[in-house]
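J.: Would you mind keeping the following structure in view while I ask a few things?
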Amino acid sequence: MIKTRRKIGFYLLFKSGFWLIFIFGTLLFGIRWTKGAGYLDLYAVLVNPILPGAAQREWIKEGENIENNIRLKLLEEDNNRLRNALSLKDFNSDQRISAAVISRSSRSWWQQLEINKGAKNGILKGQTVIGPGGLIGLVDSTTLLTSRVRLLTDPGHKVGVWVNRTKSHGILTGMGTNRPKLIFLNKNPLVKIGDAVTTSPASTLLPPHLTIGIVQFVDEKALPSPYAIVQLTASPEAIDWVQVLKK
């Protein structure tokens, strides 16, 4: 009789949905206990045949292409930088003296730097100093073993320059930043953003046609004369090696 009652009781519990509740609760407990690992594995098995889809494959391919392009660009930049550094270390040139930058003052970051060659190596005051990208300044003073270079960015430092496209002369003046100011000698220079700036072909202080920079901004209405802002192609803050031109 008792066994019969138990069977009837289990039958009623099963019929009332107890087992469904029990199974569902056990499943929830298992997911919580395993932190969803089993559920995620099951989900991965189910969706694996349809992944990646066409759209996802395009996204992956595009991402890989972008990554490869960035890597290629970085490798090209490193290659160019190393080539420039190696060319600047050519000590066999008869007209150039290669030297390393050994000191920069935080108070005069845009004014001057020190190099490890001096009078003993044939460096004289006023000689032209170039780096990877073009002109960076002039030798301001020398000791027996070192030299001080006055940068184009030094406030008040002025050199004659030339915009070849418009055949315009001007005076490049340092302003204490990496972008010196170009003051034109005529009122209608017709200079545009992107024009190349070089040393003047008529200069007696500097060799002609040395690369200096690119015009980044032009104010043709400025008084008393138009001016432009020039981005130097040889950035003084990033240069470790320079060359001093003997002539």
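J.: Restricting the search to region 111-142, which residues are over 11 Å from Val244 (Cα atoms), modelled with pLDDT of 90 or more and small (Gly, Ala, Ser)?
T.: Ala119, Ser141
J.: Any idea which of Val244, Val215 is more than 15 Å from Ile130 (Cα to Cα), modelled with pLDDT of 90 or more and crowded, with 19+ Cβ neighbours inside 10 Å?
T.: When all the criteria are applied, what remains is Val215.
J.: Pull up region 98-139, narrow it to residues that are in contact with a helix residue (DSSP H, G or I) (Cβ under 6 Å, 6 or more places away or on another chain) and assigned to a strand (DSSP E or B), then point me to the one that is nearest to Pro180 (Cα to Cα). If you could, list the steps in order and put the result at the bottom.
T.: Initially, region 98-139 is screened for residues in contact with a helix residue (DSSP H, G or I) (Cβ under 6 Å, 6 or more places away or on another chain), giving 98, 132, 136.
Of the ones still in play, those that are also assigned to a strand (DSSP E or B) are 98, 136.
On the way: Ser98: 25, Ile136: 11 Å.
Top of the filtered list is Ile136.
J.: Looking at region 209-221, can you tell me whether even one residue there is free of Cβ contacts under 8 Å to residues at least 12 places away in the same chain and under 29 Å from the mean Cα position of the chain (by Cα)?
T.: Yes: one or more hits.
J.: So Gly194 ticks every box in (1) surrounded by fewer than 19 Cβ atoms within 10 Å (Cβ to Cβ); (2) of a type outside the set (A, V, I, L, M); (3) in contact with a strand residue (DSSP E or B) (Cβ under 8 Å, 6 or more places away or on another chain); (4) within 30 Å of Lys120 (Cα to Cα) but one. Which box is left unticked?
T.: Only one criterion in (1) surrounded by fewer than 19 Cβ atoms within 10 Å (Cβ to Cβ); (2) of a type outside the set (A, V, I, L, M); (3) in contact with a strand residue (DSSP E or B) (Cβ under 8 Å, 6 or more places away or on another chain); (4) within 30 Å of Lys120 (Cα to Cα) is unmet by Gly194, namely (4).
J.: Further question on the same structure: Any chance region 174-184 includes a residue that's out of contact with any helix residue (DSSP H, G or I) (no Cβ under 7 Å at 6 or more places or on another chain), within 23 Å of Lys221 (Cβ to Cβ), without any contact (Cβ under 8 Å) to a residue 40 or more places away in the chain and surrounded by 15 or more Cβ atoms within 10 Å (Cβ to Cβ)?
T.: yes
J.: Any residue at all in region 177-188 that is modelled with pLDDT under 90, outside any strand (DSSP E or B), β-branched (Val, Ile, Thr) and more than 24 Å from Ser105 (Cα to Cα)?
T.: no
The values are calculated or read from the model by the stated rules, or taken from the named source; none is laboratory data. Note that the structure is a prediction, hence the values are computed from the model and not measured. Note that we place each Cβ from the backbone using ideal geometry, even for glycine, and neighbour counts take in every protein chain shown.
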